[in-house]
Ligand SMILES: C[S@@+](CC[C@H](N)C(=O)[O-])C[C@H]1O[C@@H](n2cnc3c(N)ncnc32)[C@H](O)[C@@H]1O
């Protein structure tokens, strides 16, 4: 399957850079601060798939020392333009090697995995992100539910893509973000909750908690399906222990073994 990251595009980056938190996006971010403070202890974070920096600026506002990383130079350029003091970096595919192992309290990933095809690629990336986390660190991942691709929403439309209904987990789907000026469809990868669970297990993550926020009638938006169907799913993940260890842990383990050997 050929998949093109829709965000490696100057026009789309321009349009996305103007986006704040309207409608369905409000619902994505509404509970994030509370969830983060409930699960994360320290304040050092990586924002994986930071795009034009909206999620990075959000983390900075709530007190996190944050580095935003993205594969799209078009998106990172806009992030730097909006927040010149911020730390934004372009990374390669599956590439988190330039960052210190076991150094981060939080890796946040908002809407990023909607753009990552293939189970093996996802596992490779997830393992890399796992290595960045401290022992008690958390990966908090927010992505689209399969429902988003077959319904209408305050900030998204899928009515022109009836073929989405036949898409299986891992396949391409199309969606239009009505909240930005660029009305070209975006290509995403649909992924079921069952498949997320399998992927987390294979990446040595424990699933700590899952949230599917619903909108409330008294919120100041013209909700379409958001009060009864959840467009987003939020996973809180922690490092699984007793199984695969990070490179740094393996190094420490080997040093301990060497010392024990010397004194035996
Ligand atoms: C929809 S944007 C979300 C931006 C931001 N997190 C937000 O909430 O506004 C998704 C981003 O994920 C990025 N992305 C896709 N695959 C990636 C990968 N393998 N590594 C890093 N970033 C990736 C895309 O380039 C895009 O900028």
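Assorted remarks:
- For segment 118-144, a residue qualifies if it is under 25 Å from residue 25 (Cα atoms) and surrounded by fewer than 19 Cβ atoms within 10 Å (Cβ to Cβ), but none of them does.
- If you go through segment 195-244 and keep only what is out of contact with any helix residue (DSSP H, G or I) (no Cβ under 9 Å at 6 or more places or on another chain) and part of a helix (DSSP H, G or I), you end up with 197, 201.
- Single residue of segment 211-245 satisfying the filter (under 21 Å from residue 99 (Cα atoms) and touching a strand residue (DSSP E or B) at 6+ places or on another chain (Cβ under 8 Å)) that is modelled with the lowest pLDDT: 240
- In this structure, residue 159 qualifies as free of Cβ contacts under 8 Å to residues at least 24 places away in the same chain, farther than 20 Å from residue 57 by Cα and away from the ligand (no atom under 16 Å from the Cβ).
The rows are residues; the columns are (1) within 17 Å of residue 93 (Cβ to Cβ); (2) touching a residue at least 24 places away in the same chain (Cβ under 8 Å).
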| site | (1), (2) |
| --- | --- |
| 113 | yes, yes |
| 122 | yes, yes |
| 135 | no, yes |
| 138 | no, yes |
| 165 | no, no |
| 173 | no, yes |
| 179 | no, yes |
| 202 | no, yes |
| 210 | no, yes |
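- Among the residues making up segment 18-32, those that are within 11 Å of the ligand (Cβ to nearest atom) and either within 15 Å of residue 49 (Cβ to Cβ) or surrounded by 21 or more Cβ atoms within 10 Å (Cβ to Cβ) (or both) are 19, 25, 28, 29, 32.
- Listed by first and then second residue, the pairs with beta-carbon distance under 6 Å, at least 6 apart or on different chains, first residue in segment 14-27 and closer than 19 Å to residue 82 by Cα, second at pLDDT 95 or above and within 9 Å of the ligand (Cβ to nearest atom), are 16/52; 17/52; 21/29.
- Residues that are in contact (Cβ under 8 Å) with a residue 60 or more places away in the chain and buried (at least 21 other Cβ atoms within 10 Å of the Cβ) within segment 41-59 comprise 45, 46, 47, 48, 49, 51, listed in sequence order.
- Any hit, segment 117-138, residues being part of a loop (DSSP other than H, G, I, E, B), closer than 30 Å to residue 252 by Cα, in contact with a strand residue (DSSP E or B) (Cβ under 8 Å, 6 or more places away or on another chain) and more than 16 Å from the ligand (Cβ to nearest atom): no
The values are calculated or read from the model by the stated rules, or taken from the named source; none is laboratory data. Note that this is a predicted model, so its numbers are computed, not measured. Cβ sites come from the backbone with ideal geometry, for glycine too, and all protein chains shown count toward neighbours.
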